[in-house]
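Participant: What follows is a structure written as structure tokens; I'll ask about it next.
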Amino acid sequence: MIVPLQGAQMLQMLEKSLRKRLPESLKVYGTIYHMNHGNPFKLKALVDKWPNFNTVVVRPQEQDMTDDLDYYTNTYQIYSKDPQNSWEFLGSPEVINWKQHLQIQSSQSTLNEVIQNIGSTKSFQVNHSENILFVTWDTVKTLFPALLDAKKLSPGDGKPKTINEDMFKLSSLDVSHAALVNKFWLFGGNERSLRFIERCIKNFPSSCVLGPEGTPASWTLMDQTGEMRMGGTKPEYRAQGLVSYVVYSQDQIMKKHGFPVYSHTDHSNTAMQKMSYSLHHIPMPCAWNQWKCVPQ
């Protein structure tokens, strides 16, 4: 059975239910939160039954998925209470369009076996990325405070060092800055990712510091799941604490809106991990997962 959740009441019920499953439901919870606050990407939520759902999938509307090669648009967020029994639902072409290049995102590594098996059945190549999931101290305190007990914060007040305000000016990104972000984004560097970044900048808060030449020296923005992503600094301005300043500024903006604030970092990126710890971001017991699925 496939049940589309229509109307504010059903989506608010889903958000409330997912909140009880944090942090494992975070990637879907963050997306539903934004659907309940304007839904600028016009996403839709599907469940296998209602109200006692097992699996929820958030995805774009069919009319927005016109480019079969655009896995930035063709992105699905998944949470399942019982991943082993989500096979039939996730394999349905009405839930996931398995004819396209696509991405699946989740805070559940336990979905890997199911997604790999479905990919194999449907002749897809599936590449799985698993990264560290960080959540800000304030978000953990508000949404799932039980996790704070076992965590020791790094020394300091969780604030960044001051920057040279004569040289750098705090600002937000403009669509004209998308090409710069795209150039430095690990998952980007192409025309489709550029369009995705432009869409994010148009629809969501972003932060940057402008360098002496008036263009961004360091930046971060957020995507349709409410995640802080695509942070970067021009090489000539690195090791000056700019990214900490920008991430902290973005955190304050998102907190003011009531958004859950989270991000992910590659296991090998020790510099960004160190920065996250210094800002009192807390690593989660679950991971940030992305599966890039390409038909063979």
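Participant: Calculate how large, on average over all directions, the projected area of the Cα convex hull of the stretch 1-59 is; give the answer in nm² to one decimal.
Facilitator: Orientation-averaged projected area of the Cα hull: 3.6 nm².
Participant: What is the angle, in °, between the Cα long axis of helix 191-203 and the longest principal axis of the Cα atoms in the chain? Nearest 10 is fine, range 0 to 90.
Facilitator: Between the helix axis and the principal axis of the chain, the angle is about 80 degrees.
Participant: On a 0 to 90° scale, report how tilted helix 242-256 is relative to the longest principal axis of the chain, with both axes built from alpha carbons and the result rounded to the nearest 10.
Facilitator: For 242-256 against the chain, the angle is about 60 degrees.
Participant: Same structure, new question: Counting pairs of alpha carbon atoms under 8 Å apart in space and at least six apart in sequence, what relative contact order in percent does the chain give?
Facilitator: Relative CO of the chain lands at 24 percent.
Participant: Further question on the same structure: Cut-off 13 Å, label point 7 angstrom out along Cα-to-Cβ of Q296: give me the residues of the stretch 91-130 whose amide nitrogen falls inside.
Facilitator: 117-127
Participant: Let me check I've understood the local charge: for C200, count other residues with C-beta under 9 angstrom from its C-beta, Lys and Arg +1, Asp and Glu -1. What total comes out?
Facilitator: Overall, the nearby charge balance is +1.
Participant: Expressed as a fraction of 2.2 N^0.38 Å, the rule-of-thumb size for a compact globular protein of N residues, what is the C-alpha radius of gyration of the stretch 122-274?
Facilitator: 1.09
Participant: When all alpha-carbon pairs of the stretch 116-172 are counted, what percent fall beyond 13 Å?
Facilitator: Roughly 78 percent, once rounded to a whole number.
Participant: Among the trypsin sites (Lys or Arg not before Pro) in the stretch 2-88, which ones are in a DSSP loop with at most 13 other Cβ atoms within 10 Å of the Cβ? Mind listing them?
Facilitator: Those satisfying the criteria are K20, K42, K49.
Participant: First check a/c for the stretch 148-216, with a ≥ b ≥ c the square roots of the eigenvalues of its C-alpha gyration tensor; if it is under 1.5, answer rounded, and if not, answer prolate when a/b is larger than b/c or oblate otherwise.
Facilitator: oblate
Participant: Students often get this wrong, so check it: of K42/K255; K141/K202; K99/K122; K44/K141, which have C-alpha atoms separated by over 18 Å?
Facilitator: The answer is K42/K255; K141/K202; K44/K141.
Participant: I've got another one for you. Two decimals, Cα atoms only, Kirkwood Rh: what is Rg/Rh over the stretch 13-98?
Facilitator: Value, to two decimals: 0.95.
Participant: Using the alpha-carbon atoms, what tilt in degrees (0 to 90, nearest 10) does helix 26-35 show relative to the longest principal axis of the chain?
Facilitator: Once rounded, one gets 90 degrees.
Participant: Hey, could you grab the Kirkwood Rh for the chain? Inverse mean 1/r over distinct alpha carbon pairs, Å, one decimal.
Facilitator: For the chain, the Kirkwood estimate is 19.7 Å.
Bear in mind that the values in this text are calculations on the coordinates, not laboratory data. This is a predicted model, so every value here is computed, not measured. When we count neighbours, we look across all protein chains shown, and the Cβ atoms used for this are built from the backbone with ideal geometry, even at glycine.
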